[in-house]
Amino acid sequence: MVVILAAVWAGFGLFTGGIFLSPRNLFNLSLQVAVVGVMTTGMVLLIVARQIDLSVGSQVGFIGVFGAMVQTQFLPVDGSHTWWIAIVCMLLAGVAIGALNGWLVAYIGIPSFVVTLAGLMFFRNAAYMLNAGETIAPLSDMFRRVGGGLDGTIGPTLSWLCGALAVLLICAMTWRNRHRRERFGFSNPPPWVAALRVAAQIAAIIGFVLVLNAYQLPSSKSPAGIPIPVVILIVVGVVVSAISVRHRFGRHVFALGGNPESTSLAGIDTRLLTLKLFILMGFLCGVGSVILSARLNAGASLTGTMMELNVIAAAVIGGTSLAGGIGTVAGGLLGALIMQSLEGGMILMGVPSPLQRMVLAVVLILAVLIDITYRKRAKR
Amino acid sequence: MQRVARMMALGVAAMLSSSLLLSNVAFAESMKIGVSWRHFQEERWKIDEAGIKSVLEPAGYEYVSTDAQADPVKQLADVESLIASGVDAIIVLAQDSQAILPALEAAHAAGIPVIAYDAPVDDANAVFVSFDNFAVGKLMAEAMVAAQPNGNWVQIEGDSAHSIVKIFRDGQMEVLQPLIDNGTIKIVGQQNITNWQPDGAQAALDQILTANNNDVQAVLAMNDGTAGGSYAALEAQGLEGVALSGQDGDKAALNRIARGEQTVTIWKNSMNLGMAAAEAAIELAKGGKMADLKGMVMTKTESGKDQSAVLLTPYAITKDSLNLVLDAGWISKDDLCKGADAGTVAVCK
C-alpha cells in the first residue's frame, strides 16, 4: 500500500509540475484526509467484525446541522463556552445514533446493511427537517479552529514536540517488541533491518513535520505546523489502532470477525461487542462532523453526502476484507490517504468531476486486486 | 385448502370494495393538483411549496406531492402515480429534461395539463414556469464584472446532471465571452460540483487556489450553497476580498453580502414562482389554453422546439440593493445584519 501511495504521489508530482508535492498542497491534503481518516478507523473495526455502516455520511450531515443549531440558536454564537458545549453535544449525538444502530443490529437482530441503509435515508432527511433545509452560517470562531480554519494549527514548536514524541514512541516500541520476542523465543529480524525500518519511519515523521512547518499561514506568514484536525486524526488513529492490536477489545473484535459462533461459545458477549463497535463508529462520525462543519464554517444538510463510499473504499483499499476478520487501522488510514490524494490531485490537474469519480472507482478495484493477489502469493 | 380459498375470497372482496369506495371518493373530491419534486432536500423548495399551497388552498384545490430523491426513474413512477390518483394538473420539477418525457406523454395522453417547474423539459406541450434563467446568468456575470472587471476567474458550477446549469452558463457567457476573447478576463479553473454540495465546492476551490498559487480575483459560484463553500476556501487563504457570486438569496448568503464577504446573489422570489405555477395550473385545469396564460411568452427547448413559458424576473442583490429582500419580508433585519459593519451597509443602520 505504501508503494501505491508513493507511486500516486510521484505520478501527480510529475503531472502537476511539482505543485502536488508543494507544502501547501500537502497541508490541504492532510486537512482533507482528517475527516475521512477519522471515520475509516471505526469502519475498519466494523467491517472486520462482519458488519457495515452505510449511514456515516448522513450521520455527519445530521450532526453537523444539529451542532450548528446548538451554536447559533441555543447558545450565543460568540460566547466563550459555546464551542466546547457544541462539540460535546455533537459527540453525544453521534454516540446516541451509534447506540441506536448497534441496538437494532445486535439485540433486535436486523442485519447491519438494512439498519444502516435505513439510517442513510433517515438521517439525511432528518438533517433537512432540523432546520427546514436552511444552511446555518457562520459558526463560533473558536469552533472553527478545530476544523483547521482561522489558523487552527498548533505551530512549529508544538509540531516538533509531537514529532519528537512520535520518534521516541517508535524507538521505545520497536525496542520493546524485539525484547519481548527474544524473551518468548521468537526470532528477530537482524538488527540492521530493524534499524533501517525505524530510520525510515523516523524520516517519514520528520518529513511530515518539516513539510507542515514549511507551509506559511496566509494571515501571519508564520510557519503553520500541524493543523488541529490532523492532530485529532493522529490521536484517534493511534488510540483505535492500539485498542485493536493490544487491547482485549480488539482481540475480541477480530475473533468475532473470524468466527462469530466460536467467539460467542467461548463466552464473549458478542452482542455487547457489536453495540460497542457501532457506538464507536457513531462517536467517530461525531468527530468527523465537528471537523467538517468547522472547516466549512456552516451547518449544511447536504454535507457528507456519499461519504460512506469514500470511507468504506478507504478501509477496503487499506486491506480490510469485506468478509470480515482481516484488516488494520493503519491500512485504512493509508487507504484514505490514497483516495484523497487521487481526488485532490485530479482537481489540481483540472479533470472534470464525473471522470474523477470513474477514476476513483477503477482505482478501488485495482487496489483491492493487488492486495488480494499479494496475499495469495504470500500464503504460498 | 378450504380455509385458504376462503381467505383469498375475503381478501379479493375487501380489495374490490375498498377500491370502489376510494374511486367514489375520488369522484366526489376531484380538485387536486399534483406536484412532483425532484429532490426536496435542496434549500429553497420549501419556499416554492409554500407559494404553491398559498394559491391552491383558497381556490379549494388539494395539494398532493411526491419526491423523486434525485432519481429520474423514480420520478417517472411518481408522475404515473399522480396521474393514477386523478389529479387535475401536474407541476413537475424535472430531475432530467429528457428522461421525464415518457411520463409527460402519459400525462398528455390522459388529458392532464403539465407545468414544467423551474427545471427545463424538452416538451412542447408543457408550460415552462421559471425565472428567466438566462437573465440569472447574465445578471450574475454583470454584477461580478462591475465589481471585478478583469483578472483570473474561477467557475464553480452546479451539478452537471442538471440541464439548467447550461442555461445559467450561457447567460454568464453572453457577458463574459467578449471579455475572455479580448484577454481582459482569464478562466483559470472550472469544476462542476456534484449535488451542489457546499463541502464539495470548498474542496474543489482549495485545489484550484493551490494550482494557481492564490492568483485568483473572482469566483463565479452558481448558487449560494457552493458560494458558502467557496468562501470557506477563500477565507482559509486570506482571500476575503475576492469577488464572489451566488444564487437563490439564501439567508447565509444575504448575511455574507451585508458583511462584505459575497458580492452578489441572484434573488428569485420562489414564493412568487410557486404562486405563478399554481395559478397557471388552476387555469389549465379549468380548461384554459396555454396561449391565454398571464405573462406567457414563447421560448425554445434545448432541442429547438417551441415552448410556452411564464418567466419571472430575477433580481441581482448586492450590498446596495439589500432593501429589496428586507422589504419583501424574505429575511429579518437581525438575520441579515448579524456581524455586519453597520457603517458600510445602508439597510443595517
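No lab work stands behind these numbers, since they all come straight from the coordinates. This is a predicted model, so every value here is computed, not measured. Ideal geometry is used to build each Cβ from the backbone, glycine not excepted, and the neighbour counts take in all protein chains shown.
Going by a ≥ b ≥ c, the root eigenvalues of the Cα gyration tensor, does segment B:203-349 fall in the rounded group (a/c under 1.5), the prolate group (a/b larger than b/c) or the oblate group? Judged from the Cα gyration tensor, segment B:203-349 comes out oblate (a/c at least 1.5, b/c at or above a/b). Taking every Cα-Cα distance in segment A:153-223 and sorting them into 5 Å bins starting at zero, the pair-distance distribution P(r) comes out as 3, 15, 20, 17, 12, 10, 8, 6, 4, 2, 1, 0 percent.
Segment residue A:15..residue A:204, full-extension length gain: 65.7 nm, with 0.36 nm per residue of separation and the alpha-carbon distance subtracted. By the count of neighbouring beta-carbon atoms within 10 Å, fewest first, B:224, B:320, B:78, A:141 end up ordered B:320, A:141, B:78, B:224. The distance separating the Cα centre of segment A:311-380 from that of segment A:255-291 comes to 23 Å.
In this structure the amide hydrogen of residue B:312, modeled in the peptide plane, comes within under 5 Å of the amide hydrogens of B:130, B:131, B:132, none closer than 5 places in sequence on its chain. Over 23 Å between Cα atoms: which of B:32/B:300; B:46/B:268; B:46/B:251; B:74/B:138; B:32/B:294 fall into that group? Exceeds cut-off: B:32/B:300; B:74/B:138.
Give, as a single signed number, the net charge of other residues whose beta carbon lies under 13 Å from the beta carbon of residue A:277, with Lys and Arg counted +1 and Asp and Glu -1.
+1
Here r is the Cβ-Cβ distance between residue A:187 and residue A:221 and R0 is 51 Å; the resulting FRET efficiency, rounded to 0.05, is 0.45. Of the GluC sites (Glu not before Pro) found in segment B:233-316, the ones in coil according to DSSP and having at most 14 other Cβ atoms within 10 Å of their Cβ are B:240, B:302. Dimensions of segment A:137-279 along the principal axes, based on C-alpha atoms and rounded to the nearest Å, stand at 60, 48, 16, largest first. Between helix B:270-285 and chain B there is an angle of about 30 degrees, using the helix long axis and the longest principal axis of the Cα atoms.
Of the residues B:222, A:173, A:90, B:271, the one with the fewest other Cβ atoms within 10 Å heads the list, and the complete ranking is A:173, B:271, A:90, B:222.
By the Kirkwood approach, averaging reciprocal distances over each pair of separate Cα atoms, chain B gets a hydrodynamic radius of 21.9 Å.
Per-residue Karplus couplings for segment A:39-49, computed as 6.51 cos²θ - 1.76 cosθ + 1.60 with θ equal to phi - 60°, are listed in order as 6, 5, 4, x, 5, 4, 4, 4, 5, 4, 7 Hz, Gly and Pro entered as x. Separation of segment B:180-227 and segment A:18-46, taken as the distance between their Cα centroids, equals 22 angstrom. Sorting A:247, B:162, B:39 from the fewest to the most surrounding beta carbons within 10 angstrom yields A:247, B:39, B:162. Decide, for the protein assembly as shown, between rounded, prolate and oblate: order the square roots of the alpha carbon gyration tensor eigenvalues as a ≥ b ≥ c, take rounded if a/c falls under 1.5, and otherwise choose prolate if a/b is larger than b/c, else oblate. Oblate, because a/c is 1.5 or more while a/b does not exceed b/c.
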